[in-house]
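Worksheet: the structure to be examined is printed underneath.
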Amino acid sequence: MTQTHTAATRTPSAAGRHEGASFPVRRPDFDFSKTPEYWFDNNPMLTHFMNGMAALFPDGEMFFVKSVRAVRDQIRDEALQKEISAFIGQEAMHSKAHLALDDYLHGKGVPIKEIEKIAVNLLGVIHRYGSKKLDLSVTCALEHFTATWAQQFLTHDATREVFNDPTMRKLWTWHAVEESEHKAVAYDTYKAIGGDYATRAAGMAIAMAGLTAALVYIEFKMVRHDRQLTNWRAWGQGLKHMFGLKGFFTPTIPKLFDYFRPGFHPNDHDVAEALAQRRSELAFDAPAGAVLH
C-alpha cells in the first residue's frame, strides 16, 4: 500500500452502477469556513479527538474499498454485488468529505497531514505482510468499530446536542447514517469467500490494538500541539463525556467485543428507529445520487 497525496488519487471513484442496492450513494456538500476551533462542546480534548479520528478515514476507507474489490471477482451473488457497488460509492463520498475537512484543518495549522500518514503506515504493514483474506478481515473489524460508534452517535442525544457547529453535526450524522446502512457489506463479502473464524478474530485483535494505539497517540499529539496538554478541566469533562456512566463509548465496549462471538453478524446490532429519524432530519430520503445541501 503506497502513500498518496491528492484527493484525486486518494478518493476511490464513486462511478459505477449501484441501482438495486438496499441503500443509496449520496453526495452532500459541506462548507467548513464558519466551523469554530472547538466545535465539540467547546472542548479542545473532545474536538481534537474527533478531528484526529476523522483524519484516519480517507486512507482507511481506501483500504476498505481495495480489500473488498480484491475479492469481488469471487462473489457470485448478484444482490451482494449491488451492495458492494453502493458500499464503494458511499465510502468514496466519505473519503472526499473528510479530505475536505483535513484540508480546512491543515489551513488552520493543525498537524493533520502528519496524522493522515498513520493510517497509511499501519494498514500498509497489514497489506504488505498479510493476505487478501486478512485485509478483508481487518476491514470487517474496523467496519464493526465504525458501525458500532455510528449507531451510538445516532442514539446518543448528549453527543449530538453539544456539536456547536451545524456543518459538523451534518457531516457526522451523514457519515453515521451511511456506516449503519452498509455495516454488513464487508462482513457478508468475507463470509461469501469462505472466510474462517480464526482469521476474523485475528483481524479484530489487530484492529483493536492498532486503532486504540493510534487514537491515543493522535490525541496527545493534537492536544500537545495546541498547548492544551495541561488543560485538566478539558480532560476531565472530555473523559467523562466519553467514558462516564452515561458516556458515549461506555455502552459500545461490550458490543465491540461481541464481534468475537462465533455466530456474530453485524445485523445483530440494530437501531432502525434512530436511523430513520436521522435520515428524516437531514432529508436523507432523497433519491439516490441526489446532491444534499
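Entry for segment 27-157 at q = 0.09, 0.10, 0.12, 0.20 Å⁻¹: log10 I(q)/I(0) = -0.31, -0.38, -0.54, -1.30, Debye formula applied to identical alpha-carbon scatterers, no solvent contribution. From the Kirkwood radius over Cα pairs of segment 84-171, Stokes-Einstein at 4 °C and 1.567 mPa s returns a whole-number translational diffusion coefficient of 84 µm²/s. Over the chain, DSSP H runs of length four or greater, each weighted -39,500 (n - 2.57), average out per residue to a 222 nm ellipticity of -20500 deg cm²/dmol.
Ranking 141, 85, 112 by Cα position along the charge dipole of segment 74-160, where only Lys, Arg, Asp and Glu carry charges on their C-beta atoms, puts 112 farthest toward the positive end. Under a model in which nothing but the beta-carbon of Lys, Arg (+1) and Asp, Glu (-1) is charged, segment 225-264 shows a dipole of about 120 debye around its Cα centre. Ordering 124, 234, 54 by Cα displacement along the dipole of the chain toward the positive end leaves 124 in first place; charges were set at the Cβ atoms of Lys, Arg (+1) and Asp, Glu (-1). When +1 charges are put on Lys and Arg Cβ atoms and -1 charges on Asp and Glu Cβ atoms, the dipole computed for the chain relative to its Cα centre reaches about 600 debye. In loop segments of segment 78-119 as defined by DSSP, the trypsin sites (Lys or Arg not before Pro) with at most 13 further C-beta atoms inside 10 Å of their C-beta are 108. The translational diffusion coefficient of segment 44-281, from Stokes-Einstein at 4 °C and 1.567 mPa s with a Kirkwood hydrodynamic radius over alpha carbon pairs, comes to 70 µm²/s.
Sparse packing (at most 12 other Cβ atoms within 10 Å of the Cβ) combined with a DSSP loop state is found for the following trypsin sites (Lys or Arg not before Pro) in segment 17-64: 17, 34.
Ranked by how many other Cβ atoms sit within 10 Å of their own Cβ, fewest first, the residues 243, 32, 64 fall in the order 243, 32, 64.
Near residue 130, once Lys and Arg are set to +1 and Asp and Glu to -1 for all other residues with Cβ below 15 Å from its Cβ, the sum equals +3. Ordering 77, 41 by the number of other Cβ atoms within 10 Å of each residue's own Cβ, fewest first, gives 77, 41.
Considering only 197, 35, 222, the residue lying farthest towards the positive end of the dipole of the chain is 222, judged by Cα position with unit charges set on Cβ. Extents of segment 37-92, taken as max minus min of Cα coordinates on every principal axis and listed largest first, are 50, 17, 12 Å. What's the angle, to the nearest 10 degrees (0 to 90), between helix 44-55's Cα axis and the longest principal axis of the chain? Once rounded, the angle reads 30 degrees. All C-alpha pair distances within segment 65-112, sorted into 10 Å bins from zero, spread as 24, 34, 22, 16, 5 percent across the bins.
Throughout, read-outs are computed from the coordinates displayed, never taken from laboratory work. This one's a predicted model, so the numbers in the text were calculated from it and none came from an experiment. Methodologically, a virtual Cβ is constructed for each residue, glycine included, from the backbone with ideal geometry; neighbour enumeration extends over all protein chains shown.
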